[in-house]
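First comes the structure, then the notes that go with it.
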């Protein structure tokens, strides 16, 4: 009952004309971002963060806008996967396996329709999951002290290293680099400057937004220059976007199973959507693929990963909102935005800012319906975007990111810092060091240090205090398993994780 | 090779970062750890990871061809130039130039690049200045 009451209040927030408009706009913009080849949700949200700032939005409105962009990009990502065989980001890779063969057989419209329904089922069930489980986790998280939080952060990095990236060592290197970047600025305990090189600009630390837009948008432009072959654009015909009822009803159980798997893997820190779509696809292949049609254009092979990755997107919001630990790259970007608005996600968010949490949940329900409409009858609009040439796309996307950063700071120093992060991000991508742990490190670094110092202060300097409660011991054990298990199961499915050259899964 | 080089660089970084941490001193004791401990822990951890990578390098990065590399350098230079030009010549002129330049770099014809520059500059100006209400620099050249 309490849930229904709060949800009712949430709909009150979501139905405010401004928020309703933002949800529509975000869903539309997100689908565009997702449909553009090579642009994923993390990128799209990163570019739009500064824009949402300059609109002067209240926190719940900003979150509604960007979460709608996030959901929209997850829907849109399938369009270029199915029609072009170019996934916009890693989770969309699995959709190419059966989606592209369907498109080649002239059933592209049917693949788009089934995947839209699967995305809707996955995202809606995940929103239900978010609504039911996030408050429970928040109640548990109230009992977290500094020692538990420190263990939780360690656990997030360790599961991140074991579940994403092909090389756990490089993932950890990325995380440490991010944590080191976070130490730039005034020391939270004693207020002496650290690693500022006498620059006053660095006293407040490195601006998350500047770093994120640089790492994602500017490095993307450099990759774009490298991979673009001039003059590659064709017109695409998809035929009628509709699916036979039989195809949808036959894949309905697939969608349900994919949603549950996706949601669970989304909740795990770091695993995110790529694991969700991968496990959903492989499980369905084992369960229902009796005639070996998976991989040759089976509608269920499109439904499973799409339900999985959209459900994971919702699942990833759970740890971000309740614990302040994002489950994926895009939720890390959302976390950066909330922190910049002085909203600290965590258990207190649910009691102090219920309008943010419940407004978001209600908007996600509405956004999903909007997205289903956008992605069934109106999908032709987005298909046309595929023929936008790169020489228009890249400069405009870069400029939006650029202007966004300039408009919040008006400082040339920040612009140079952003370009520096762009070049650095490009080098890291080339070296196979994923960017998501770098951003997580930068975001969580301060809190991680503060909680460690607070815990030791409470324990009078005795390090055993970090293991004092059952809760913290559990977290340490999971963290340890996260580091050790990949060593045992080294024969993990490499081919999917290998396909993330950008390191920006989910 | 690339991995070894990276590992060596990270090792040097870890040592420099860790040594620099020793200079953080306070006159009063705030907490048992103080400002030094956390950075030193990070430095040690990075040194361990880098050493592992040094001994067991994994992949070899494929670096772009020289021409592509040159293009990327030109792109970065163009963005730096844009940041420097924004205040003197104003948003509109600077954006036309940089967008057209980027389009040329990506293989557009000169008239395509010019049109993209003009249209996107005007559209972005309308979006940011008029719709979002952000003042963009008019440029000292034009009396801004």
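The values are calculated or read from the model by the stated rules, or taken from the named source; none is laboratory data. Everything numeric in this text was worked out from a predicted model, so none of it was measured. A quick note on method: Cβ atoms are made from the backbone with ideal geometry, for glycine too, and the neighbour counts reach across all protein chains shown.
Going by the conditions given, is residue A:396 part of a helix (DSSP H, G or I), modelled with pLDDT under 90 and within 7 Å of chain B (Cβ to nearest Cβ)?
Answer is yes for this residue.
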Report summary line: Of the candidates A:416, A:350, the one satisfying the condition of being part of a helix (DSSP H, G or I) and free of Cβ contacts under 8 Å to residues at least 60 places away in the same chain is A:416
Requested in this report: May I ask you to list the residues in the stretch B:106-121 that are part of a helix (DSSP H, G or I) and closer than 20 Å to residue A:47 by Cβ?
Outcome: B:116, B:117, B:119, B:120, B:121
Requested in this report: Looking for whichever is part of a helix (DSSP H, G or I), modelled with pLDDT of 90 or more and closer than 16 Å to residue A:129 by Cβ here; the options are A:307, A:313, A:280. Which one fits?
Outcome: A:307
Query raised in the report: Is the stretch A:225-238 home to any residue that is modelled with pLDDT of 80 or more and within 14 Å of chain B (Cβ to nearest Cβ)?
Result: yes
Query raised in the report: So, in the stretch A:379-392, of the ones that are at the interface with another protein chain (Cβ under 9 Å from one of its Cβ atoms) and crowded, with 19+ Cβ neighbours inside 10 Å, which residue ends up modelled with the lowest pLDDT?
Result: A:390
Report task. Search the stretch A:456-480 for residues being assigned to a loop (DSSP other than H, G, I, E, B) and away from chain B (no Cβ under 14 Å), and hand back the single one that is modelled with the highest pLDDT. Result -> A:469
**Report entry** Given (1) part of a helix (DSSP H, G or I); (2) surrounded by fewer than 13 Cβ atoms within 10 Å (Cβ to Cβ), number of the condition residue B:135 does not satisfy
**Finding:** (1)
Query raised in the report: Of the residues that make up the stretch A:431-447, is at least one facing chain B (nearest Cβ under 9 Å), assigned to a helix (DSSP H, G or I), touching a residue at least 40 places away in the same chain (Cβ under 8 Å) and within 17 Å of residue A:223 (Cβ to Cβ)?
Result: no
Requested in this report: Could you please let me know if residue A:74 is surrounded by 24 or more Cβ atoms within 10 Å (Cβ to Cβ) and over 15 Å from residue A:32 (Cα atoms)?
Outcome: no
Query raised in the report: Counting only residues that are in a loop (DSSP other than H, G, I, E, B) and in contact (Cβ under 8 Å) with a residue 24 or more places away in the chain, which one in the stretch A:171-200 is surrounded by the most Cβ atoms within 10 Å (Cβ to Cβ)?
Result: A:183
Query raised in the report: Can you tell which of B:33, B:70 is within 20 Å of the chain's Cα centre (by Cα), modelled with pLDDT under 95 and either more than 23 Å from residue B:139 (Cβ to Cβ) or more than 9 Å from every other protein chain (Cβ to nearest Cβ) (or both)?
Result: B:70
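Tally the residues that are more than 19 Å from the chain's Cα centre (by Cα) and either part of a helix (DSSP H, G or I) or at the interface with another protein chain (Cβ under 7 Å from one of its Cβ atoms) (or both), restricting the search to the stretch B:73-94.
Summing the residues that are more than 19 Å from the chain's Cα centre (by Cα) and either part of a helix (DSSP H, G or I) or at the interface with another protein chain (Cβ under 7 Å from one of its Cβ atoms) (or both) in the stretch B:73-94 gives 7.
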Requested in this report: Restrict the check to the stretch B:17-24 and report whether at least one residue is surrounded by 14 or more Cβ atoms within 10 Å (Cβ to Cβ), closer than 30 Å to residue B:137 by Cα and at the interface with another protein chain (Cβ under 7 Å from one of its Cβ atoms).
Outcome: no
**Report entry** Criterion (under 21 Å from the mean Cα position of the chain (by Cα), modelled with pLDDT under 90 and surrounded by 20 or more Cβ atoms within 10 Å (Cβ to Cβ)) met by exactly one of A:50, A:59
**Finding:** A:50
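Residues checked against (1) farther than 21 Å from residue A:226 by Cβ; (2) surrounded by fewer than 20 Cβ atoms within 10 Å (Cβ to Cβ):
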residue: B:66; (1), (2): no, yes
residue: B:69; (1), (2): no, yes
residue: B:74; (1), (2): no, yes
residue: B:77; (1), (2): no, yes
residue: B:87; (1), (2): yes, yes
residue: B:93; (1), (2): yes, yes
residue: B:99; (1), (2): no, no
residue: B:102; (1), (2): no, no
Report summary line: Taking the stretch B:51-67 and keeping residues more than 7 Å from chain A (Cβ to nearest Cβ) and part of a helix (DSSP H, G or I) leaves B:51, B:54, B:55, B:66, B:67
Query raised in the report: Among A:212, A:206, A:192, A:245, which is the only one that is modelled with pLDDT under 85 and either more than 14 Å from chain B (Cβ to nearest Cβ) or farther than 29 Å from residue B:108 by Cα (or both)?
Result: A:245
